[in-house]
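Written below as structure tokens is the structure these notes are about.
The values are calculated or read from the model by the stated rules, or taken from the named source; none is laboratory data. Small disclaimer: the values here were computed from a predicted structure and weren't measured. So basically every Cβ, Gly included, is an ideal-geometry build from the backbone, and we count neighbours across all protein chains shown. Note: accessible area is taken over every heavy atom of the protein model, side chains too, but ligands, DNA and RNA are not part of it. Shrake-Rupley method; radii C 1.70, N 1.55, O 1.52, S 1.80 Å.
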Amino acid sequence: MRGYLAHLRVERGLSPNTLAAYERDLSRYLAFLATRGIIDPAGVGEGDVAAFLEALRTGADGGRALAPASASRTVTAVRGWHRFLHDEGTTAFDPSAAVRPPQVGRRLPKALTIEEVSRLLESVGHEDTPEALRDRALLEVLYATGARISEAVSLIVDDLDPQAGCLRLFGKGRKERIVPVGQHAWRALEAYLVRGRPALASKGQGAAEIFLNTRGRPLSRQSAWTVLQRSAARAGLGDPSEQRRVSPHTLRHSFATHLLAGGADVRVVQEMLGHASVTTTQIYTRVTVDHLREVYATSHPRARG
């Protein structure tokens, strides 16, 4: 469970309060499994997950009966944990895949505006130090490709194809995909690879990864998260609580939202994000519909009475 919570903190940028809620949810789930004689997650079956959902609704496990919204969050935590274990190779299958949380209405992902993204990317500044060159390249790549933070820090030089203007990402389950990269990101990458990375690499043991820390070792997800947080603070993107929402996943949301708002086909965006199903990507279309309504309401002469 600790590994999953660390993944949520770094990869998804969840707030301490949300992480605490997930920890409570998973602790209740583990206690429920223990009453059924299950200690190893590899021994969990679909029936166990479904029984836990029913216990959440009724309080049959001795805990408080939950409203649909709270039960949905708890089941989401459970499903995320099982998916994480399966993706990491800890379990042979995901027993929660077919168990759906109660329907309570979907929350739209939070995305930065184009102006906010520009402020964030400019906040790194134009210093020529190895760290500044690295940070600028990292943020540009995250926004240019919609990469997960784990995918970005795992990039090696051989994953870059300057001739095609693309790079190769390895997503969940080591699924490979090719993603185009814009000129701004390429220029930032080239500047870092020529003037920044060699200085960092000279302090290490020949790491193959593109993004390195000051000791010449591969940049960790936590360190990449810190780079983003520091840039968000410099960009003045609100108070500390708002800075927490500017996570690597926020840039991924912004990447998808801005592409769709610009007219990209949802299936093309699905491919670039590495989503297995187009239904996962389609939530972003709701964001652009909201934008269309806003434009219509403020622009059409007969939109308002």
When the stretch 63-89 is checked residue by residue, the ones that are among the hydroxyl-bearing types (Ser, Thr, Tyr) and within 21 Å of the chain's Cα centre (by Cα) are Ser72, Thr74, Thr76
Is it true that Thr113 is open to solvent by 50 Å² or more (accessible area, probe 1.4 Å), among the polar types (S, T, N, Q), within 22 Å of the chain's Cα centre (by Cα) and farther than 23 Å from Leu273 by Cα? no
Taking only pairs six or more apart or across chains, which ones have beta-carbon atoms under 7 Å, a first residue in the stretch 138-160 that is closer than 12 Å to Phe211 by Cα and small (Gly, Ala, Ser), and a second residue that is open to solvent by 10 Å² or more (accessible area, probe 1.4 Å) and not in a helix (DSSP H, G or I)? Ser154/Phe170; Ser154/Glu209
Checked against (1) in contact with a helix residue (DSSP H, G or I) (Cβ under 8 Å, 6 or more places away or on another chain); (2) modelled with pLDDT under 90; (3) of a type outside the set (S, T, N, Q), Lys175 satisfies every condition except (1)
In the stretch 8-49, what residues are open to solvent by 40 Å² or more (accessible area, probe 1.4 Å) and within 18 Å of Ala97 (Cβ to Cβ)? Ala42, Gly43, Glu46, Gly47
Checking Ala207 against (1) open to solvent by 10 Å² or more (accessible area, probe 1.4 Å); (2) modelled with pLDDT of 90 or more; (3) part of a helix (DSSP H, G or I), only one condition comes out false. Which one? (3)
